[in-house]
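Asks: Handing you a structure now.
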Amino acid sequence: MGVKNIYLLDFGILSGELGWFLPDPAGYTETIIEKRPRIPVWTDIPVTGAIIEHSDGVVLMDTGSHPEAKKAWGPVWEVFPMTKFTDENRLENQLKLLGLRPEDISYVVFTHLHLDHAGQAYLFKDRRTPLIAHKKELMWATYLMYLGKVGAYQPVDLESLKGGEWFTFDGETFELLPGIELMFVGGHTPGSIIMKVTTEAGNNYLFTGDFIHLPEELERESKGWLLGDIDEYITGLRKIKLLAKRPRTNLVISHDPKLWEKYPKAPKPLR
Ligand SMILES: [Zn+2]
């Protein structure tokens, strides 16, 4: 009894200036003595999610971007365009690869509620599927929307989830099901969480959500303009590094540009 299989879902590609993810993206530091213009460097990152097949239900982690993002996101699209999104990247079609329909999902877990994670969750509102996030995340996302501070939290996503079957936790950790643990880290957004999954076979997978965007952050211990809270970031990063030392433990960094070289896409399971 426990986690049978894990599958990674492909929700297309988002592009953005590298400085969002890593400081000093051009590889040098601008100094007063040697003033060089900052050259914008852009990078492509995959937008991904996961299905956890558990003996007590099917868990979906993150839902990708809204299929009509270009229309729905307004000026934010210019900053973070979805440069690849086809029919195959729609959540329904990713689920179909596994023989699943939206009504087969028992729980939807949000690592956070940004536009590339909550964009297709509208599929679950009327089905009364439990929607799970950290309490700080739901509160901050709606608060910022009400203040009119539209950025990476998009009204199109949040409004469509109003009245959904929300469940939040406000402590450090929450065991969703045996072998599936949600942990508060913050750092990127006020309520960012990571998810630790232990399979029946005894393998551990740490899903870092956007707490870590690029693997280089692990070594540099710094994030670009998407850094939220430095105290939470350094504390959480050190915690992840410590957890990653455990035997048979793998990090799954949702937006790792090399993710598909490291792990297979659904319908192939993680091993
Ligand atoms: Zn993201």
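The values are calculated or read from the model by the stated rules, or taken from the named source; none is laboratory data. Keep in mind it's a predicted model, so treat the numbers as computed, not measured. All Cβ positions, glycine included, derive from the backbone under ideal geometry; neighbour counts span all protein chains shown.
Asks: On the given criteria, is THR29 in a loop (DSSP other than H, G, I, E, B) and either more than 16 Å from the ligand (Cβ to nearest atom) or modelled with pLDDT under 95 (or both)?
Replies: On the way: in a loop (DSSP other than H, G, I, E, B): yes; either more than 16 Å from the ligand (Cβ to nearest atom) or modelled with pLDDT under 95 (or both): yes.
Criteria met by THR29.
Asks: Give the residues of the stretch 217-235 that are within 16 Å of the ligand (Cβ to nearest atom) and not aromatic (Phe, Trp, Tyr), sorted by residue number. Lay out the reasoning, then the answer.
Replies: Of the residues in the stretch 217-235, the ones within 16 Å of the ligand (Cβ to nearest atom) are 217, 223-228, 233.
GLU217, LYS223, GLY224, LEU226, LEU227, GLY228, listed by residue number.
Asks: Still on this structure, I have one more. Going through the stretch 234-271 one residue at a time, which ones are assigned to a helix (DSSP H, G or I) and either closer than 25 Å to ILE13 by Cα or in contact with a helix residue (DSSP H, G or I) (Cβ under 9 Å, 6 or more places away or on another chain) (or both)? Outline the logic, then answer.
Replies: Going residue by residue through the stretch 234-271, those that are assigned to a helix (DSSP H, G or I) are 234-243, 259-262.
Answer for the stretch 234-271, where residues must be assigned to a helix (DSSP H, G or I) and either closer than 25 Å to ILE13 by Cα or in contact with a helix residue (DSSP H, G or I) (Cβ under 9 Å, 6 or more places away or on another chain) (or both): LEU237, ILE240, LYS241, LEU259, TRP260, GLU261, LYS262.
Asks: Another question about this same structure. Can you tell me which residue among LYS4, LYS35 is modelled with pLDDT under 95 and either closer than 23 Å to THR208 by Cβ or not hydrophobic (A, V, I, L, M, F, W, C) (or both)? Spell out the reasoning first.
Replies: Numbers: LYS4 fails: modelled with pLDDT under 95.
Step by step, each of LYS4, LYS35 is checked, and only LYS35 is modelled with pLDDT under 95 and either closer than 23 Å to THR208 by Cβ or not hydrophobic (A, V, I, L, M, F, W, C) (or both).
Asks: Give, as residue ranges, the strands (runs of 3 or more DSSP E) completely inside the stretch 154-215 that count at least 2 residues that are surrounded by 17 or more Cβ atoms within 10 Å (Cβ to Cβ) and at pLDDT 95 or above. Before you say what the answer is, go through the steps one by one.
Replies: Values: elements: 166-169, 173-177, 180-184, 193-198, 204-207.
Correct list: 173-177, 180-184, 193-198, 204-207.
Asks: I would also like to ask the following. Can you pull out every residue in the stretch 65-93 that is in contact with an Asp or Glu (Cβ under 8 Å, 6 or more places away or on another chain) and more than 16 Å from the ligand (Cβ to nearest atom)?
Replies: Matches in the stretch 65-93: GLU88, ASN93.
Asks: Another question, then. From the list GLY49, GLY64, exactly one residue is modelled with pLDDT of 95 or more, assigned to a strand (DSSP E or B) and of a type in the set (Gly, Ala, Ser). Which is it?
Replies: On the way: GLY64 fails: assigned to a strand (DSSP E or B).
On inspection, the qualifying residue turns out to be GLY49.
Asks: Listed residues MET145, MET139; which is touching a helix residue (DSSP H, G or I) at 6+ places or on another chain (Cβ under 6 Å), not small (Gly, Ala, Ser) and not in a loop (DSSP other than H, G, I, E, B)?
Replies: On the way: MET139 fails: touching a helix residue (DSSP H, G or I) at 6+ places or on another chain (Cβ under 6 Å).
The match here is MET145.
Asks: For the stretch 86-106, indicate whether the set of residues that are farther than 25 Å from PRO257 by Cβ, at pLDDT 95 or above, β-branched (Val, Ile, Thr) and in contact with a strand residue (DSSP E or B) (Cβ under 6 Å, 6 or more places away or on another chain) is non-empty.
Replies: Checking the stretch 86-106: at least one residue is farther than 25 Å from PRO257 by Cβ, at pLDDT 95 or above, β-branched (Val, Ile, Thr) and in contact with a strand residue (DSSP E or B) (Cβ under 6 Å, 6 or more places away or on another chain).
Asks: Exactly one of (1) away from the ligand (no atom under 16 Å from the Cβ); (2) among the small types (Gly, Ala, Ser); (3) in a helix (DSSP H, G or I) is unmet by GLY99. Its number?
Replies: GLY99 satisfies every listed condition except (3).
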